[in-house]
Each structure stands twice: as structure tokens, then as C-alpha cells.
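Notes to accompany the following structure.
The values are calculated or read from the model by the stated rules, or taken from the named source; none is laboratory data. A quick note: this is a predicted structure, and the numbers were derived from the prediction, not measured. Neighbour counts are summed over all protein chains in view; Cβ atoms, including those assigned to glycine, are modelled from backbone coordinates with ideal geometry.
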Amino acid sequence: MLTTGPRGTKDILPETVNNWRYIENTAREICRLFGYQEIRTPIFEHTELFLRGIGETTDIVEKEMYTFNDRGDRSITLRPENTAAVVRSFLEHKLYADSQPTKLFYIGPMFRYDRPQAGRFRQFHQFGIEALSAKGPAIDAEIIILAAQFLEELGLKDLKLYINSVGCPKCRPVYRTKLQDHLRKNLADFCPDCQSRFERNPMRVLDCKNQRCGELSQGAPEMVDCLCDDCKQHFEGLKQLLTIAGVDFKLNSRLVRGLDYYTKTAFEIQYEPLGAQSAVCGGGRYDGLVAECGGDETPGIGFAIGMERVLLALEKQSLLPSVDNKLSAFVVALGASAQPVSFKLLCELRKRGITSDMDFMNRSLKAQMKLANKCLACYVAIIGEDEAAQGKVMLKNMTSGEQELLDFDQALNKLKAEMGE
Ligand SMILES: [Zn+2]
Ligand SMILES: [Zn+2]
């Protein structure tokens, strides 16, 4: 127990942390390009926020939340996603009073008590966008393009974008009845999950992963055929803007979202080489959420991208950049009296912005040189007892093998000139 992390968690070790930074930096750069600002909310919130903001009948809330009472006996939940928390922050800090829309992004860990499997963790990471207050389809198109550009920037090709409209509280009930009429004929043959969804959330039957359910719901009526004028206009507007921007998309009527506050646009970006886990980005409009969380009616739209899946995809395609861990200088100290002088040289190098290191394990000369090689040091600065006494250093170029005896300052200037950042 003491030397094993909890199930579903993963340490990100130094050898892979650069991959994470690469993805995060790419995300930050894209967001800067598109005018989205970073927000960092706490990793835990009042449980009530997620009950309202995600919905009490969802799998997340029913089965997957890390919920506990704190010492003050308040119910606290580790965030299973971040949209509700961003909306809470938007309301708490009256961000709606600034010029609108509010365009935010976040990067960070989320927590779900889920069965761990390949690429799926109980602590996982998401990069997400939330755009609040804008109701027209242009912002929908903008965030879809942002997501696609992010994934393309990382080098992923052949991404598939699927879009759908899930309607609104005005047109959805009509569709819901039509859908139920269609499903009722074979209801007994659907999986138990679908049978319970039939009453409370029949649209979710359409995205059941059970193959038999998929076959049974073939030919079901589609939401896009039942949209009210407002929803239809919005959807047409989105398609037009994506076309103008040169973004390929396909309609997928099975792209549904369960809850009432989800409205109009739903989208997903898939990267097919990932197989069963091919969805790398999912998002959509939630015009009813801000009111659900206690604010005034405010439209909103967002997406979340699973960082673990993106990392998996980049690994699969060998798209992760190689890391430049080169050291400019390695200081080698020989003998006790050389130690303090060598340490002084190391400090001076670092003050000048020159990446440098030395041995801290009392190694022999041979072992220190070996270590310098392992660190890919461009120069080795050797200080023996004689050099220490004279204030000199033997500077060896590890590529050419040339070496010269220099004064401290000469050595520092030379390294600064050649290696300084
Ligand atoms: Zn509608
Ligand atoms: Zn089913």
C-alpha cells in the first residue's frame, strides 16, 4: 500500500512530463490565438453544484463521483468535469458584467470513480473551453475550429468531426414522443439500461454502446428533422460557417446529450486509430445550464478534450517531440581542495544562465566523465587541486576533444558566449 499509488491513478515521471508540457503549451498557444483566457477553479466544489450542474440521473453523479463529508460536515466532491465549476465562478465573480462573451479555457485533473482501463484513469486530465453569453452559431463554429486546430497543430491527421443538433426545450418534447413511439415496438429487446432510459431519457438509447440496441434503434426518427425554426436556423448557420472555414464535418444523429439544459449544437471529434476510445473531443451548447446553476438565462457552449487520449494518439503516431536535455557544462572536481572552487564555478555558470551540473556522489574522475557524457554536456570544466590553487580551469570541448587551460573569468565568458541562453 505504502509504495503503490491508488488504483486508477498514475504518476507522471520526468521522462514523460515533457510530453504533457508540450500538449499543454500547444493548448495555451491556440487559446491565446483565439482570445480565450485561462481560468483555474478548485479541484473540489460543493456536491450540490454537480448534482445540479451535471444532473442527478447521469452515470457520473449516480456512480462515479468522489464525494465525502469534510471535517465541517459539508458534502464535498472532487470535480468530475469542469463546466459546472466554471459556470459557478462566472456567477460568483460576476464575469457577465464585463464585456461579453466570456471566453475561458482550463487545463487540469478531473476525478471519476470508473473502472480503470487502457487510457482511462480515475484521476484524468482535460483541456476544455467554455464560452458564455454568445448565442449565435459563430461561437459554436469558433470553438469547433479551435479544437480541430489544436489537434492538427499536434500533428494528428484524418480527424473526423461529427455534429448534431439536440434541439431545445421547445422542440425536443415533440421529438421525444416520436422517438418513444418508435422504440416502444421493440422495447423488451433492448438492454436493461435502455429500458430504464426509455422513460426518463429516451435520446440516450441512441448512443447505447450495446450492439443489439444499436441495431434495434436503426431507422429511428432523427432530431434534426424535428427542429423548431430557431434551432433549425442555428444549425444551418453553424454548417454554413464550418463550410466557409473549410472544415469537413459529418452529421451524426446519434450524437445526443442527455439533459434538458443541453441545447442545439452537439459535436465530437474522433481519431479513429484509437479504436473504441476514438472520441478525443466532445462538446456542445448548454443554454439552460447557467440558469440551472442559479444565474440569469445565459447561453453557453464548451468542449472538453481528454489529455490522456491525445497523448495516446500522439504516442501511436510517434508525434511526440524529442527532448533536448543537453547540458552546456559539467563541472568536474578532483580532490578535496577543488570542491569549494568547483562549486563556486557551478554557481557562477548558473547565474549567467548556462545550464550546468556537477557530481554530488563523490565519484572518481572516470565516473564523473562518464556522467558528463550521459548528461550530454557540451563542455566539461575540470578543476584539480593545482587549478584550484591558481584560479584556473581546464575547459574541454566534448565534441572536438580540444581542451585549454583558462582563468575562471575567461572560461565563464567563453561559455557565456557559446552557450548562454
Ligand atoms: Zn428548438
Ligand atoms: Zn442499450
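All but one of (1) under 30 Å from Lys94 (Cβ atoms); (2) touching a residue at least 40 places away in the same chain (Cβ under 8 Å); (3) of a type outside the set (Asp, Glu) hold for Asn325; state the number of the condition that does not hold. (1) is the only condition that Asn325 fails.
The selection criterion, being more than 14 Å from ligand 1 (Cβ to nearest atom) and surrounded by 20 or more Cβ atoms within 10 Å (Cβ to Cβ), does not hold for Tyr262. Counting only helices (runs of 4 or more DSSP H) that sit wholly inside region 227-343, those with at least 2 residues that are closer than 25 Å to Gly108 by Cα, assigned by the TED database to the domain that holds Pro116 and hydrophobic (A, V, I, L, M, F, W, C) are 289-292, 307-316. Scanning region 382-401 for residues that are loosely packed, with under 15 Cβ neighbours inside 10 Å and within 47 Å of the chain's Cα centre (by Cα) returns Asn397, Thr399, Ser400, Gly401. Candidates Gly119, Gly128, Gly72, Gly136: the one that is under 28 Å from Lys160 (Cα atoms), at pLDDT 95 or above, surrounded by fewer than 20 Cβ atoms within 10 Å (Cβ to Cβ) and not acidic (Asp, Glu) is Gly136. Only one of the numbered conditions (1) assigned by the TED database to the domain that holds Glu56; (2) buried (at least 18 other Cβ atoms within 10 Å of the Cβ) is not met by Lys160, and that is (2). Among the conditions (1) closer than 17 Å to Gly335 by Cβ; (2) free of Cβ contacts under 8 Å to residues at least 12 places away in the same chain; (3) in a helix (DSSP H, G or I), Phe360 misses just one, which is (3).
For Phe127, state whether it is under 23 Å from Arg32 (Cα atoms) and not in a strand (DSSP E or B). Criteria not met by Phe127. Checked against (1) touching a residue at least 24 places away in the same chain (Cβ under 8 Å); (2) farther than 21 Å from Phe127 by Cβ; (3) of a type in the set (Gly, Ala, Ser), Gly72 meets all criteria but (1).
The C-beta contact set for region 203-224 (first residue under 17 Å from Arg176 (Cα atoms), second residue of a type in the set (Lys, Arg) and within 16 Å of ligand 1 (Cβ to nearest atom), distance under 6 angstrom, 6+ apart or interchain) comprises Pro221/Lys178. Among the residues of region 207-225, those that are within 16 Å of ligand 1 (Cβ to nearest atom) and either charged (D, E, K, R) or surrounded by 20 or more Cβ atoms within 10 Å (Cβ to Cβ) (or both) comprise Glu222, Met223, Asp225.
If you go through region 319-333 one residue at a time, do you hit one that is surrounded by fewer than 18 Cβ atoms within 10 Å (Cβ to Cβ), closer than 30 Å to Phe124 by Cβ and touching an Asp or Glu at 6+ places or on another chain (Cβ under 9 Å)? Yes, that holds for at least one residue. Residues in region 170-190 that are within 15 Å of ligand 1 (Cβ to nearest atom) and in a loop (DSSP other than H, G, I, E, B) were compared, and the one that is surrounded by the fewest Cβ atoms within 10 Å (Cβ to Cβ) is Lys170.
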